[in-house]
Structure formats: structure tokens, C-alpha cells
Amino acid sequence: MSSFRVEKTASHLAIVTFDLEGEKINKISTDIGKELEVLLEGLKKDRSIQGMILVSGKKDIFIAGADIYEILSVTSSQEGTEKSREAQRLPALIESLPFPSVAAIHGACLGGGLELVLGFSYVIATDDPKTKIGLPEVSLGILPGMGGCVRLPKRVGLQNALDMILGAKVWPAKKCFKTKLIDEWVPKEILLERSLEVLEEGIWKKRKREKVSIQSLLLEKNRFGRSLIYKKAKEQVLDKTKGHYPAPLRALEVIYETLDRGMTDALAIEAEAFGELVSTSICKNLMGVFFLQEAAKKKTGSNTPDILPKVIEHAGVVGAGAMGGGIAQLLSHRGIPVRLKDIETKALSRGLSTAKKLFDDLVLKKKLTTREAYQKMIQISPTTQYSGFKHLDLVIEAVIEDLSVKQKVFLDLQASTSPETILATNTSSLSVKDIGSACAHPERIIGLHFFNPVHKMPLVEVIRVKEVTSEETVVTAVQFVKQIGKVPIVVKDVSGFLVNRILMPYMNEACYLLEEGISISMIDQTVEAFGLPMGPFALTDAVGIDIAQKASHVMYQAYGERLKPHDFLDKVVQAGFLGNKNNQGFYKKDKKEKHENATIYSIIDVKPREQAYVSQDWIERMIFLMINEAALCLEEGVVEQPQDVDVGMVFGMGFPPFRGGLMKYADSVGVDKIFSELEILERRYGLRFKPALLIERLARSGGTFYEH
Ligand code: NAD
């Protein structure tokens, strides 16, 4: 059976419906490309055909892009270049048709999908919010290799093309129309009707493709202007990627190099660059992370398929602080009305301002209209009482990190909600079991650990209390996390859960390095050069030094000597240094400039030594300790598999995606090497480096985390 259906109209137009067999989405692969080529060659020869329209047979997807599994299977740059050359034939074939063609887009039109569309004579898209058009290739470590780098600048201008390709952007129909990427946008209901009209009445001939703004005349149309754009774009890319991600830079070079070339030469340059990128380990790692995310989204939280999640329509948040305000905003943004409770009206207005500011930012970024933001904002109803809690499906507690306060809140919630309401805590270090211990119906108690800032951090740890939390509660919580657009991982109720537990020895080791006289900024820079978004001290400042200190003691109690905290955090907190929140941390901001806080050194009695070089040894000490803690988590079943660790570390702490995740990185280094290094470090520094049994076992058997 074919993935394309062709229907011929009385006016001799061919309506081609792409409906990939056995799949929920349409994607382009070598086989599909061949099928389409045969179809197009057939239409080309049919003299009766006066025009062609391409539509999708899928619900809200036009074409999701190229088949990523096929791209992942490419093993050499030569093979990659050949694949690109083959795929480039499709839009070229559409361009060469002896009749006009219309791409009628509804739903996502991404990557190879858009590159195909660029070959059409006329493009119409629906004004539906599900219609999103873009080239996200560089986020997967490749570049548009079906002619996108060459055709897009010609269609939308150099600056817009760079914006979309280098930023891996996806645009709504309105922006596509403004930039002339599409020729029209229409309501979904008349998409086909209008497409037919465009061909039947020759409207396609009136399209206006060239965008001649003053800026484009001044900058894009002359060599000097172009080189300015190139220079600026390069600076921006390097600033953003810190040189860790080659794809945007390579895409920039290809776009710049091919601007004045003929099509044949230009496509050859693009294909060559595609081949170079697709075979790199960075590309494989980025695609690996994409698949991890997709797999996490598919998990239900239970192995029993017949347990169905309850629908969360109304929610409550208790505690309107930094986290509560952020969670309330997220929920209302995602269409869930929220009752926001605090003990003080002052705190409530702070929480509401947090939410308002986030909505205002979305308006500024043109992601919401002022009216939409207002309508979402009024979905958060503040209260100092538990009134209106009876009908809620879920309540998330985010009050201060104090066991007795949280226990009291849970008892209050028990009295003010229905027995079916799911009660979740956002605690970061306390035991979920202890928090809900006095409640009747403990089966509905669960942890939902959001990360700070809530609107930015993609991960939510779903904490299941063994033999207490019901399967239905877990399944509902996992579904809820997906509903609000976050990535869930199910974690056992242990101190620090997964992410904070793995972070603890790493932060601790940073303190030991500091004790040895390596400066705060040098340690942070070393970690940033490794690819993490910020170093351990900048992170501690962001989290709050007092919070990190408190958590370090909770974990010391739970895990003993191995996680004995260095006393620096105690000393710094005692001196009143809390981090960013009181602008007294390891860093300090003066007139917007952030710099090391020199007073810290006198508090901890350390003289930073002049150090001209960065040692690989430092990074190994910090990162290998994380790997060791993650191995212990796997041994103890804190999460089920190494892939869960990687989802947690990439989406919860920003572990560099180009390294594929913490466990993937460990495998690339070699578990045997990590084991022998840990043994050496244990002899030098003591127990905190004692290798986990899992590491020892894998090292001795020559195994890897991903395949154990
Ligand atoms: P916060 O101090 O900013 O806010 C706590 C809020 O709880 C305050 O507004 C306070 O008035 C309110 N509150 C106190 N007792 C209350 C009660 N009995 N009923 C209702 N409200 C009450 O704290 P935060 O940083 O938002 O943290 C909240 C929770 O989230 C803590 O458990 C914390 O461990 C956890 N958490 C924090 C972070 C973070 O980075 N800040 C990250 C993840 C999880």
C-alpha cells in the first residue's frame, strides 16, 4: 500500500494526500522519498494535469521532518552526504514540475517537511495554533540538508533565515506570512477549497516572494552588509554554544558561502556539510537525548496498562513563594485553574506578582496577547483559607522546607479536600512518606519535585512512596506532568531523590577544590568549559546557599560519611551569605557586573593561588563523583535504568546534551577508566571516592551502563 493517495479533480488538478502507513505522523525517509519521486515523475508525464496540491492525511501534522532513526543509522560522512544529495532531489523535482504546485499546510511542518515545501510554487497554511513551521535541525546536531540552507534565505531574507536555522526556530503561521515564508494563511476549514481556488484562478502567479525592506537593501544586498551580518551571527552562535555545538556554526558557513552560488554548487556544499555533521558523536548524542525525551513522554509510570490516569481539571497550590508562584503560573498557563493558598496576604501578592511577571514576559515575547495573559492570570485565585479546596483534583504543597509545617499542611488538606484529591509535595529534601504519614488515605500522597525556575526547567521528579502511593496516583501524576508540558521521571522516595542526590557530592567536591586554593571562578569556569550551564558556586548562589547547606545536612544524615558536607557552606551561611537572594554569595553583583565575592575567602580562610592552567583532574573529581552517586542510585533502584538518570541530569540540571547525559558520558569515557581513577582518588582523598559496586562489576566485565 502507498503512503500517498492521488485524487484528480474535474479541473485537472491532482490532490496528493500524504498519509504515512502505520504511523501517527508523516516523516520523510529514503523509501518515502523514492515513492514520492515515482509519483511526481508520473504526474509530470501526465499531460492532463494542470496543477498539484499536497495535503496531509494526519490530524495535526503536515510533515514532522525527516526520519530521525534513519539519520541516526548513518555511520560515515560519505553516507550522510549521499543521503542529503538523494533528499535534495525532492524539492528540486517539485520545482521542475510543468504545472504549479500548492503546499496546503495544517499542523507541524518541520525540518525536511519545510524543505520540501520550499520547492512549491505557492504555500498556504492554516491559522490554527497547531500549525508550526520551522527548521529545528541544529538542535539535533545537523543542518537542513534538503536544500533548506540554500532556499530559505532566498525566500525570507538572510536575517530571517539565520534566525530560524541557527536558532532552530519554529514559527506560527502569522510570522511565516509576515516573512513571506508562506503566501497565505487561512482558517483550517477552507484550506483545501482555497488551495483549489489558487490554482484554478491563477492566483499563484501573483505571489510576492522577494522581501525588500530597507534593512535588506542596506545590509543583505551588498557584500559589506552581509559580512557584517555574518560576523554578528557568528559571535552570537559562539556566545550561545561556547563552541560545544558545531552545527549552527557550520550552518552559518554554508548559508554564507552559498548565497551567491548557483543551485547545483550550493546544494553540493550543503550536502557535504550535512555529511560532516551527521556522523559526529555530538550529533548521535543530541539525537540520543531527543529519543530519551520522547521515551520519557511515552512512559505512564506503571507497567500495568489498564490503570488509567484521572484527569486533572482543577488544582490547588499551597505556599505562594518562589516555587508556589511559579507552579501556579505554569498551571494556569496550561489551562488548569488554580487556587493559591498562603498564610499571609503579603506572600500571596508576592506569588501573584511572580506569576504576573512571567505572563508579562510572554506578552513581551509575543507568545501571548495581553488579553490572553489577563485571562490566564485570573485563573489563579488567591486565598488565605482552604475554601474551594473540596472540589480540587490535585493540590501541590510548596510551603517552607520544614517537616512539622508540611505535616500540618497535609492534615489541613486532608480535612479540606475530598478523599480522592491527590496530595503532592514539592519538597526537595524531606521524605514524602514522613510528610504524609499522619494522613488517612496515604495512597493518594506523592512527591512532585519541580526545579527552580519552574517556567524554565523541563524536569519534574515524580516521587513514589514504596508500598504506599497507589499506582493510580503515580499514573495520574505522570500524566499531569506531561499535560503541563514537563518531562517526568518516576523516582524512589530517598533523600535528595535523584538529581539533588547526584549533585551533592559534586558540590561538596567543589568546596574541597576551593580549600586547596583553586579560586571560585576558576572552578566554575572549568565546569562551564565542560559544558554545564553554570559552575557549582554559581549554582549554589542561585539555589540559595542556606538551602544547599540545609540539604547537605539532610543527606549527610541519610547517607553518612560518604556525603559528609564540607564545613564551608556552614561558615558562609553563618556569616549571613545566602547567595543571589541577598546579593551576598560566592559572587556579588555591582552595577550589573557579577564578580567573585572576595570576602568569602576570608570567611573560609583560604588564599586563592595564582593558577595559570586548568587541570583535567578537577573535572574528573567532580564529575566522576556524580557518576559514582548515579551508579549507587541505580544499584538501589532509585530509578529503573541509566536512561532515567540521563533524563534527570539533562533536564533537571542541564548536564550538557552534546555529551548525551551523565551515564552516556561515563560510557564514552569507559567504566573501567572511571573505576581505576576512583580507586586512585580513594587512596589519595579517602572514602568519598569509594567506587560503587556497580562500577566495579561493569569495569571487571568490560560492560557499559547502557548495556548492563
Ligand atoms: P519560599 O520560602 O519562597 O516560600 C514558602 C511559602 O510558604 C511562603 O510564601 C510562606 O508564607 C508559605 N507558607 C509557610 N507556611 C505555610 C502554611 N502553613 N500554609 C501556607 N503557606 C505557608 O520557599 P520556596 O523556595 O518556594 O520553596 C517551597 C518548597 O519548594 C520547599 O519545600 C522547597 O524545598 C521546595 N523547592 C524549592 C526549590 C528552590 O530552588 N527554591 C526547588 C525545588 C523545591
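The values are calculated or read from the model by the stated rules, or taken from the named source; none is laboratory data. Source: prediction; values computed, not measured. Please note: Cβ atoms are built from the backbone with ideal geometry, for glycine as well, and neighbour counts cover all protein chains shown. Accessible surface is based on the protein model in full, side chains and every heavy atom, while ligands, DNA and RNA are left aside. Shrake-Rupley method; radii C 1.70, N 1.55, O 1.52, S 1.80 Å.
Please give me, ordered by residue number, the GluC sites (Glu not before Pro) of the stretch 1-58 that lie in loop per DSSP and have at most 13 other Cβ atoms within 10 Å.
Numbers: sites: E7, E21, E23, E35, E37, E41; in loops: E21, E23.
Passing sites in the stretch 1-58 are E21, E23.
Count the net charge of all other residues whose Cβ sits under 12 Å from the Cβ of V363, scoring Lys and Arg as +1 and Asp and Glu as -1.
Details: positive: K356, K357, K365, K366, K367, R371, K376; negative: D360, D361, E372.
Here the count lands on +4.
Using a probe radius of 1.4 Å on heavy atoms only, what accessible surface per residue do you get for the chain? Whole Å² is fine.
Averaged over the residues of the chain, the accessible area is 45 Å².
Output ³J(HN,Hα) for the stretch 540-550: one whole-Hz value per residue in order, computed from phi by the Karplus curve 6.51 cos²θ - 1.76 cosθ + 1.60 with θ = phi - 60°, and x for Gly and Pro.
4, 4, 5, 5, x, 5, 4, 5, 5, 5, 4
Would you please classify the overall shape of the stretch 315-493 from the alpha carbon gyration tensor, given that a ≥ b ≥ c denote the square roots of the eigenvalues, rounded means a/c under 1.5, and beyond that prolate means a/b larger than b/c while oblate covers the rest? Display every interim value, and only then the final one.
On the way: a/c = 1.84, a/b = 1.46, b/c = 1.26.
Verdict is prolate for the stretch 315-493.
Going by amide H atoms built from the backbone, whose H comes under 5 Å of the H on V494, apart from near neighbours?
Excluding prolines and chain starts, which carry no amide H, there are no hits.
Cβ under 11 Å from S77's Cβ, S77 left aside: what net charge do those residues give with Lys, Arg +1 and Asp, Glu -1?
On the way: positive: K83; negative: E79, E82, E272, E276.
Spelling it out: positives minus negatives among the neighbours equals -3.
Under 5 Å between amide H atoms, partner at least 5 residues away or on a different chain: which partners does Y587 have, H built in plane at 1.01 Å?
Amide H neighbours of Y587: N597.
Nothing charged except the Cβ atoms of Lys and Arg (+1) and of Asp and Glu (-1): what's the magnitude of the dipole of the stretch 4-279 about its Cα centre? Round to the nearest 20 debye. Don't jump to the answer; show the numbers that get you there.
Values: 41 positive and 39 negative charges, 225 e Å.
It works out to roughly 1080 debye.
Of the DSSP beta bridges with both residues in the chain, give the percent that are antiparallel, rounding to the nearest 5.
Values: 17 of 63 bridges.
DSSP beta bridges in the chain are roughly 25 percent antiparallel.
Go through A125, V478, L423 and say which Cα lies farthest out towards the positive end of the charge dipole of the chain; charges sit on Cβ, +1 for Lys and Arg, -1 for Asp and Glu.
Most positive-ward Cα: A125.
Per-residue HN-Hα couplings for the stretch 432-441, Karplus 6.51 cos²θ - 1.76 cosθ + 1.60 at θ = phi - 60°, whole Hz, x for Gly and Pro?
Per-residue couplings from phi come out as 4, 4, 4, 4, x, 4, 8, 7, 6, 6 Hz.
I need the phi-derived Karplus couplings for the stretch 312-326: 6.51 cos²θ - 1.76 cosθ + 1.60, θ = phi - 60°, integer Hz, Gly and Pro marked x.
Whole-Hz 3J(HN,Hα) from phi for the stretch 312-326: 9, 10, 9, 9, x, 10, 10, x, 9, x, 4, 7, x, x, x.
Less than 18 Å apart at the alpha-carbon level, and either on another chain or at least 8 residues along: which aspartates and glutamates does that give for K299?
E461, E471, E472, E640, D644, D646
Which residues' amide hydrogens lie under 5 Å from the amide hydrogen of L13, considering only partners 5 or more residues apart or on another chain, with H built in the peptide plane?
So L13 has HN proximity to Q50.
Calculate the dipole size of the stretch 500-707 relative to its Cα centre from +1 charges on Lys and Arg beta carbons and -1 charges on Asp and Glu beta carbons; express the result in debye to the nearest 20.
Working: 23 positive and 30 negative charges, 93 e Å.
That gives a dipole near 440 debye.
Structure shown: which of K298/K341; K175/K232; K232/K486; K83/K154 lie over 29 Å apart, alpha-carbon to alpha-carbon?
Details: K298/K341 33 Å; K175/K232 23 Å; K232/K486 33 Å; K83/K154 23 Å.
The answer is K298/K341; K232/K486.
Nearest 20 debye, what's the magnitude of the dipole of the chain about its Cα centre given +1 on Lys and Arg Cβ and -1 on Asp and Glu Cβ? Mind showing how you got there, number by number?
Working: 92 positive and 90 negative charges, 479 e Å.
Approximately 2300 debye in magnitude.
How large is the convex hull of the Cα atoms of the chain per residue, expressed in Å³ as a whole number? Could you put the intermediate results ahead of the total?
Values: hull volume 131.2 nm³, N = 708.
In the chain, the Cα convex hull volume per residue is 185 Å³.
Only sites in a loop by DSSP and with at most 10 other Cβ atoms within 10 Å count here; which trypsin sites (Lys or Arg not before Pro) in the stretch 536-600 make the cut? Present the calculation step by step, with values, prior to reporting the outcome.
Numbers: sites: K550, R562, K571, K581, K588, K589, K591, K592, K594; in loops: K591, K592.
Passing sites in the stretch 536-600 are K591, K592.
In the structure shown, do any of K390/K466; K550/K594; K366/K588; K45/K169 have a Cα-Cα gap over 29 Å, and if so which?
Numbers: K390/K466 27 Å; K550/K594 25 Å; K366/K588 33 Å; K45/K169 38 Å.
Too far apart for the 29 Å limit: K366/K588; K45/K169.
Taking the Cα centre of the chain as the origin and placing charges on Cβ (Lys, Arg +1; Asp, Glu -1), which of L340, T30, S281 is farthest toward the positive end of the dipole?
Result: L340.
Tally Lys/Arg at +1 and Asp/Glu at -1 over every other residue whose Cβ is under 10 Å from the Cβ of S387; what's the total? Working shown, then result.
Values: positive: R339, K341, K390; negative: none.
Result for the neighbourhood of S387: +3.
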